[in-house]
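Here is the structure we will look at.
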Amino acid sequence: MNLATTPLSWNSCLSALRLDRWMMGELASTDAESVGAHVAACAACSTAVAGMRGVREEVRALPLPTVLVRPPVRRRLPRPAVAGLGLTLAASLLLVVRSEVGDRERRKGPGVALAMYVQHGTEVRRAAPGETVSPGDAIRFAVSTPVPAFVAVLSLDPSGRASVYFPPGPRAVQVPAGTEVPLPLGTRLDETTGEERLLGLFCTTPVELEPIRLALQQAQDGAPLPTDCQGLRWSFVKR
Amino acid sequence: MILDASAIAGLYRSHGHIVLRRARTLLGSEADAREALQEIFAALIRNPDAVRSAGSIVGWLYQATTHHCLNQLRKARTGARVLELNVRPGMPESGRPRGEAAAEVRRLLALLPEEVAAAVVYHHLDGMTHAEVAELLGCSRRQVGYLLERAQGLWDRAEQSA
């Protein structure tokens with residue numbers, strides 16, 4: 001039996017790894033565009049991608065394994081829960097967290113809000129305008145929304161490069177209605193100095209994030225938002 | 001990235017399909033594939049640093065799934081030998097149903113050394129380039145070429161002796 005022609009051998013021109021990385025947003029933008037164009041034009045690869053998406057929907061419909069099931073989400077994000085971010089401090093520079101709207105909860109629209117928690121060493125606190133935090137600190141977002149919404153958090157770093165903080169996948173993900181529902185991924189602030197701006201998106205559909213990221217990078221804060229999304233903007237200044 | 005329990009649950013939802021799809025191919029059993037899915041994410045709960053040090057979540061899931069499934073194939077082979085089950089002898093490919101041929105591939109994968117079997121899985125079952133295989137195995141592209149060449153030789157000998 002030739003290893004290249006077994007019944008289990010891969011049949012598409014792009015590897016499964018490359019297609020998975022493309023689907024999960026792990027490729028650089030130019031690479032992702034190239035893969036996307038290829039998939040659109042290639043029957044074998046588009047069939048492979050369709051199969052991958054089918055399995056993805058299967059897994060999303062499965063109940064979470066017991067080991068991953070967490071206690072019910074609390075209405076407030078208590079200190080012990082945020083402390084569970086489990087990160088240690090490796091910081092020397094300071095970062096000022098600033099709100100462009102001067103509102104502690106960054107509210108916009110009926111009851112929609114984005115909050116940020118910062119873990120500095122063992123101390124956890126809610127970020128407030130003018131508050132100083134350090135690169136290397138752990139941050140985690142929590143959102144409030146009166147109805148289920150598709151949420152994403154993007155950032156513009158000091159060099160003007162846009163990236164997606166949340167979610168890890170290519171589209172905004174649905175968050176249930178609630179007050180300060182913690183988003184399931186946190187991150188650690190890097191040590192780049194300067195101003196970092198955040199854009200929280202609350203959408204009615206699972207919008208594709210790559211076009212929004214690109215528009216944000218090109219137009220910076222002037223980037224238009226999709227019509228079915230509300231945006232909340234924050235600003236950090238590192239100094 | 002912080003990988004606490006809720007983050008890992010999020011990863012299960014967003015990335016679990018990568019594990020399930022590949023485990024189905026490698027193990028040929030829906031029940032075993034679902035068990036692999038649970039096992040790999042349970043392992044992540046126990047050791048979240050594993051994926052953080054890998055640099056790529058997708059890459060880490062490929063590595064973890066391959067390692068888990070090859071172990072399962074070897075255990076199944078050992079179990080069959082202990083129980084003295086008859087392993088179907090090799091048949092000419094043209095006269096063998098597709099399902100049996102797939103089972104034969106899995107049986108032969110269980111015979112190969114882990115690194116060689118992993119190279120076969122990545123290159124032939126996932127269609128990866130030598131560069132992609134080298135990235136996941138942490139070796140040079142030349143080494144990948146050696147492993148694949150060795151795999152074909154071992155494969156041919158295993159088929160002849162079956």
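Tell me, B:M128, A:M52 in order of fewest to most beta-carbon neighbours within 10 Å? With the sparsest Cβ surroundings first, the list reads A:M52, B:M128. If you take all other residues with their beta carbon under 13 Å from the beta carbon of A:F150, and give Lys and Arg +1 and Asp and Glu -1, the sum is -1. The modelled label-to-label distance between A:V147 and A:Q218, using points 7 Å beyond Cα along the C-beta direction, is 3.1 nm. Most tightly packed first, judged by the mean number of other beta-carbon atoms within 10 Å of their residues, the peptides B:136-149, B:16-29 read B:16-29, B:136-149. Sorting A:T205, A:T30 from the fewest to the most surrounding beta carbons within 10 angstrom yields A:T30, A:T205. Label zone (A:L64, point 7 Å along Cα-to-C-beta; backbone nitrogen cut-off 13 Å) within region B:2-26: B:4-14. Of A:V35, B:V58, the sequence from fewest to most neighbouring Cβ atoms within 10 angstrom is A:V35, B:V58. Between B:R142 and B:T129, the simple spin-label model (points 7 angstrom out along Cα→Cβ) gives 1.9 nm.
Read the figures in this text as sums done on the coordinates, not as results from a lab. It should be emphasised that the depicted structure is a prediction, and the values quoted were computed from it without experimental measurement. When we count neighbours, we look across all protein chains shown, and the Cβ atoms used for this are built from the backbone with ideal geometry, even at glycine.
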